[in-house]
Amino acid sequence: MSKVFPNAKAALDGLLHDNMTIAAGGFGLCGIPENLIAALHNSGVKGLTIVGNNAGVDGFGMGVLLPARQVKKVMASYVGENKEFERQVLSGELELELIPQGTLAERLRAGGAGIPGFYTRTGFGTLLTEKKETKMFGDCEYVLEPGITAEVSLVKAWKGDKSGNLIYRKTSRNFNPMIATCSKICVAEVEELVEIGELDPDQIHTPSIYIDRIVQGTNYEKRIEFRTVQGAAVAKAGSTVRDLLAKRAARELHEGYYVNLGIGIPTLVANYIPKGMHVTLQSENGLLGIGPFPKPGEEDPDLINAGKQTITTRPGSAFFSSADSFAQIRGGHIDLAILGAFEVADNGDIANWTIPGKMVKGPGGAMDLVAGVKRVVVVMEHTSKDGNPKILKQCTLPITGKGVIDLIITELCVFEVKKGDGGGLVLIELQTDHTVDEVRAKTEAPFEVALKG
């Protein structure tokens, strides 16, 4: 039987019903199956549980399903900038199962591989895993996570042949390979559909055994969430405080390091890599070797970073799936992660993913990063907008990781975090024109002073 269907509506015919579980590929708006999502929306099916990294944005991607009240539950790692998504969650209209990004990728991969569950260090001791089974391996506790399966998967590829072999393009690969495997029926849409035999077997990312139906998509918008270009990116870099923090954080880089930069201020660290130093930047959506922002007019919607900004590659760059990305992270292959935070504690705890009752951004890849990366540096403003300390004896917000921070950089100072025996802070640097007394006045947690230089 032919797997080829004339359009997205026909490709979904006979597969949809109310109260079903559907997994969809994509990261932000990159690599989403636009035609299949539109057909799903137009079908009017309701009570859906949707699985994916996020639920699109307001009015586009999987986000179109939310105002239409077609979704009862979302399983995702990130809410992001989708205001309707956040509103429905905070008002109790929508059930949300937040899953750390790497755990989500691995749960999908496990579901497709017939693996019922696995243990991971990610999320241990946090709100997201507090009711889950744990087990000691060596001297660390790990969390048991179940595989995820769906009734129908919707994926997007760059090229495909009529047997269902798929090739993805750049960072549009992301979650698509795992989601292609995790369901009873997988429907793929491609930008270019070719005859069997036209694709090089050595270049196939998803083999045809996983694909049940395929359609050539049309009228792609391929929207870019954050179009970021050279020149404009520097102008948008923000206040001198942000630049100060990024410049100081860049001093933690060393020759040959593999580094992951978080969203926001950490992204600016790339502007201050010392000249002549070779540092490879990793983006958890599937890129090793991030280059500079593109020149105006050269933006590529299939090439973004984890903050959904347009970027470029460098000589020696590599693309891979989200599962491979988090294998690098959880496996300890990343030397340094630089992240932002809402709060940090003097024992190295970090909170940076939600403010209960006010904001639900989701953990994204942060829980995986703090659990698996060799060294974690936090860059943040010393106090909140209302002047309250953000460096505390104990975090008041739900934590991202326990005892994971090595260094805290603010506009006032730099703290080292002592590991073991309850932790503790050591003030090692003062930023220009600031004093120890000023730091004490704006820091809830006690600290030692051992200023260097």
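The values are calculated or read from the model by the stated rules, or taken from the named source; none is laboratory data. Bear in mind the structure is a predicted one, so any value in this text is a computation, not a measurement. Note that each Cβ is placed from the backbone with ideal geometry, even for glycine, and that neighbours are counted across all protein chains shown. Note: areas computed on protein heavy atoms with side chains; ligands, DNA, RNA excluded. Shrake-Rupley method; radii C 1.70, N 1.55, O 1.52, S 1.80 Å.
Does E381 satisfy the condition of being in contact with a helix residue (DSSP H, G or I) (Cβ under 9 Å, 6 or more places away or on another chain), assigned to a loop (DSSP other than H, G, I, E, B) and open to solvent by 80 Å² or more (accessible area, probe 1.4 Å)? Spelling it out, E381 is indeed in contact with a helix residue (DSSP H, G or I) (Cβ under 9 Å, 6 or more places away or on another chain), assigned to a loop (DSSP other than H, G, I, E, B) and open to solvent by 80 Å² or more (accessible area, probe 1.4 Å).
Selection of region 268-291 for residues being assigned to a loop (DSSP other than H, G, I, E, B), of a type in the set (A, V, I, L, M, F, W, C) and without any contact (Cβ under 8 Å) to a residue 24 or more places away in the chain yields only I273. Candidates in region 230-241 are the residues that are open to solvent by less than 70 Å² (accessible area, probe 1.4 Å) and of a type outside the set (V, I, T); of these, the one that is modelled with the highest pLDDT is G231.
Looking across region 187-229 at every residue that is of a type in the set (F, W, Y) and not in a helix (DSSP H, G or I), the one that is modelled with the highest pLDDT is identified as Y220. Filtering region 1-18 to residues that are in contact (Cβ under 8 Å) with a residue 60 or more places away in the chain and either open to solvent by 80 Å² or more (accessible area, probe 1.4 Å) or of a type in the set (A, V, I, L, M) (or both) leaves S2, V4, P6, A8, A10, A11, L12, L15, L16. Filtering region 122-145 to residues that are farther than 17 Å from L369 by Cα and among the small types (G, A, S) leaves only G138. Restricting region 149-180 to residues that are in contact with a helix residue (DSSP H, G or I) (Cβ under 7 Å, 6 or more places away or on another chain), surrounded by 24 or more Cβ atoms within 10 Å (Cβ to Cβ) and of a type in the set (S, T, Y) leaves a set whose member that is farthest from D200 (Cα to Cα) is S153. Within region 292-319, if we keep just the residues that are touching a Pro at 6+ places or on another chain (Cβ under 9 Å) and not in a strand (DSSP E or B), the residue that is farthest from L339 (Cα to Cα) turns out to be D300.
The residues in region 401-435 that are loosely packed, with under 14 Cβ neighbours inside 10 Å and farther than 23 Å from F124 by Cα can be counted, and the count is 3. The residue that is farthest from A39 (Cα to Cα), counting only those in region 181-212 that are of a type outside the set (V, I, T) and open to solvent by less than 50 Å² (accessible area, probe 1.4 Å), is L199.
Scanning region 436-453 for residues that are small (G, A, S), open to solvent by 60 Å² or more (accessible area, probe 1.4 Å) and part of a loop (DSSP other than H, G, I, E, B) returns a single hit, G453. Filtering region 242-269 to residues that are within 21 Å of G372 (Cβ to Cβ) and open to solvent by less than 50 Å² (accessible area, probe 1.4 Å) leaves A249, E252, L253, G256, V259, N260, L261, G262, G264, P266, T267, V269. The residue of region 412-428 that is farthest from E252 (Cα to Cα), among those that are assigned to a strand (DSSP E or B) and in contact (Cβ under 8 Å) with a residue 60 or more places away in the chain, is L425. Would you confirm, using the coordinates I've provided, whether R227 is open to solvent by 80 Å² or more (accessible area, probe 1.4 Å), in contact (Cβ under 8 Å) with a residue 60 or more places away in the chain and of a type outside the set (S, T, Y)? Yes; evaluated as a whole, the condition is true for this residue. How many residues are open to solvent by 10 Å² or more (accessible area, probe 1.4 Å) and either part of a helix (DSSP H, G or I) or basic (K, R) (or both) if we restrict to region 62-83? Total satisfying the criteria: 6. Taken over region 84-98, residues that are open to solvent by less than 60 Å² (accessible area, probe 1.4 Å) and in contact (Cβ under 8 Å) with a residue 24 or more places away in the chain amount to 8. Scanning region 320-351 for residues that are without any contact (Cβ under 8 Å) to a residue 60 or more places away in the chain, part of a loop (DSSP other than H, G, I, E, B) and open to solvent by 30 Å² or more (accessible area, probe 1.4 Å) turns up G331, F342.
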